[in-house]
Each structure stands twice: as C-alpha cells, then as structure tokens.
1. Where the second residue is basic (Lys, Arg) and assigned to a strand (DSSP E or B) and the first is at negative phi and lies in the stretch 185-203, which pairs have Cβ atoms under 9 Å and are six or more apart or on separate chains?
2. Quick check: anything in the stretch 246-255 farther than 19 Å from Cys61 by Cα and not in a loop (DSSP other than H, G, I, E, B)?
3. Do we find a residue being out of contact with any Asp or Glu (no Cβ under 8 Å at 6 or more places or on another chain) and buried (at least 21 other Cβ atoms within 10 Å of the Cβ) anywhere in the stretch 276-283?
4. Select, from Glu168, Glu153, Glu137, the only residue that is over 17 Å from the mean Cα position of the chain (by Cα) and of a type in the set (Asp, Glu).
5. Output the residues belonging to the stretch 155-185 that are touching a His at 6+ places or on another chain (Cβ under 9 Å) and modelled with pLDDT of 95 or more.
6. Tell me, which strands (runs of 3 or more DSSP E) lie completely within the stretch 83-196 with 2 or more residues that are surrounded by fewer than 16 Cβ atoms within 10 Å (Cβ to Cβ) and in contact with a Cys (Cβ under 9 Å, 6 or more places away or on another chain)?
7. For the list (1) of a type in the set (Gly, Ala, Ser); (2) at positive phi; (3) free of Cβ contacts under 8 Å to residues at least 60 places away in the same chain, I need the number of the one condition that Ala213 fails.
8. Could you count how many residues in the stretch 197-212 are over 18 Å from Pro261 (Cα atoms) and not in a helix (DSSP H, G or I)?
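The values are calculated or read from the model by the stated rules, or taken from the named source; none is laboratory data. The structure presented is a predicted model; accordingly, all values stated were derived computationally and were not measured. Don't worry about glycine lacking a Cβ; one is built from the backbone with ideal geometry, like all the others, and counts go over all protein chains shown.
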Amino acid sequence: MELELRHLRVLCAIADTGSVGRAAALLGASQPATSTQLRRIERYLGAPLFERAASGVVPTCFGVEVLAAARDVLARADRLGRRGAGDAAQAPRVLRLAATLSPVLPGLLARARRQRPDLQFTVSSVYRSSDIVELLERGGADAALAVDYPGRELRHSPALAYRSIATEPTFVALPAGHRLRHRTEIALADLAAETWFLTPDDGAGWHAVFHGACAAAGFSPATVHEFLGGRLELQELIAAGLGISIVQATTRPLADVVVRPLAGTPIWFRHLLVWRRAAVSDQVVESLFGAATSAYRGLIAGSPHFRAWAARTYRPSGSAGQ
C-alpha cells in the first residue's frame, strides 16, 4: 500500500477522539474497517502508532512523530487548495487566541505564524480552563489552549469544538537531594508525609484530581501550600527543599531539582485545542492543530526523563484495536 491523505486523516481522527470506535463514527465508517486500516498503516510504517491506556488509546512515541508529520502534510494540502481557489489574495485576518500557562503555546505560535501568513494572532492569558470556555462561548476569543482530565472533560455548548493535542502523564518534582531521587519511578504513597506545593484550581478539576489520586494511594496530604507563582519560582522553592510538586512531564528541571515519573501513572491530563465553530474554519483548525502537535513533539525532544518513561511504557507490543 501507499499512504494517502485519507490514511493520514484516519490517524488524526483516532488521536483526536482517543478511540478507534469514536474515530470510525466521526469518519462515517465501521469500527472493524477502521481497525483494519490502522493495522495496515502500522504494518506499512513498521511499528505501532497507538497503545491502550486508561483513557482510551494514546500515541506511542513513534505515533507522536507520525501524527505531527501527518498534520503538517494535511495542513499543506489544505493550503494548496486555498491558493488554487484564490484564497491567498485575501487580506490577513486576526485570530484571537486565549491560552492557559501552556508550554505548547510558544511553539504553536512560532509554527503557525510561519505556516499561516494570512493570519495575525493576538494572545490572551487565562489561567482557568473553565474561564477559557466561557470566553469562547461569549465570543471573546476564536480559539484557545486549555486543559482537562480524562473522565473530567470540559463542558461546553455545541458552538464549541475541541481536539486533544496530547494526553500526558504527570510527574513529581523533588529537591536534588531527596531520599527518593535515585528511583526510576516513585509511588505516590511513598510521598504521603511530604509537604506539597499545589497550584490553584484550574477550573477543570485539578484539586479534586490531585486529592483523589492521593486518597486512592491511601493518604491525605498532611501539608499543602497553594502556590500562585510561575514555573521557575516553583522550582526554586523545590530546590530549596521547601516541598515537592506535581508537574507536567515535559518540565525542564533546574540543576537542583529532579523530575521523576509516578509509578502506575495515577494522574493524566490533556492539552486541548478548543475553538468556536463559527469563527474558525476547518483549514485553520488543521493548521493550528498541526502546529500544536509539532510544538509538543519539540517539548518531548527536550525532556529526557519523559523520553525514558515513554520508552519503558510504550514498548512495541502489537496494535491498539479499541
């Protein structure tokens, strides 16, 4: 077989929905046919692209690379179609982007500005993902980067749509001299007596997710300090030995901080691209999503602890069929 655009769209649909079955429904195909097509694509490429996870299916490390390339190809194909229709002659339009404190944002903007010179971007920082949804609902932004958690998906009206950029594990940041620093993975229960820095609730259920994971591990955190600063300030407090914190897996630690995976990956979260259907075309969505996934791949490339965890977790073991 040879890869065609329709094959790339199948892969993107599976990644976007987190399920072969939901992707099939989105594409108007049957689940068996979509599963068969995925297996053929994986055989052609020589490695699995998706693995089963608690939240559905997630891309393997190789799958992340393939999906970034697929979205770039689809975006380029869409641009060629627009140029053929004379769209390139239109005046640049402003796209209002809102974003949480997302590490994906800088890379997304850099790539989107190169790929879409027909767009001018304005950016508004909004901490709470629920506030982002409200902003989009009332027409105060066109698209946004937000977060949520598997099983606690953001609620929104049919006027909005979203795609999952990545479903990511959370790790823990410790002082470099911490007693557990030499472990490859750390059980959450082994951190029961620690002092925690907890970032404010993000409007997507973060506090409930954190305390729920601790309860499932058999403890309630004895000491929790709510932290209101930025990532650098948080790491400086951790480096000083004042506490520990849950952090994103792509966090780049300071010299006196170590970042370790949590055994069993008890907490997952999702990076989301959300947009108003009436304000953003399918072509622009493809461009933004391709830029976002490419930016996320860059974050992974700069995170050796994430790559090491992924290599252990996503060993090739056959195709994901659910």
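1. What qualifies is Glu185/Arg260; Ile186/Arg260.
2. So in the stretch 246-255, the residues farther than 19 Å from Cys61 by Cα come out as 246-247, 253-255.
Filter again for not in a loop (DSSP other than H, G, I, E, B), leaving 246-247.
The answer is yes; a qualifying residue exists.
3. Taking every residue of the stretch 276-283 in turn, none turns out to be out of contact with any Asp or Glu (no Cβ under 8 Å at 6 or more places or on another chain) and buried (at least 21 other Cβ atoms within 10 Å of the Cβ).
4. Glu137
5. The one that is touching a His at 6+ places or on another chain (Cβ under 9 Å) and modelled with pLDDT of 95 or more: Phe171.
6. Correct list: empty, since no element meets the threshold.
7. Tallying (1) of a type in the set (Gly, Ala, Ser); (2) at positive phi; (3) free of Cβ contacts under 8 Å to residues at least 60 places away in the same chain, Ala213 fails exactly one: (2).
8. 7
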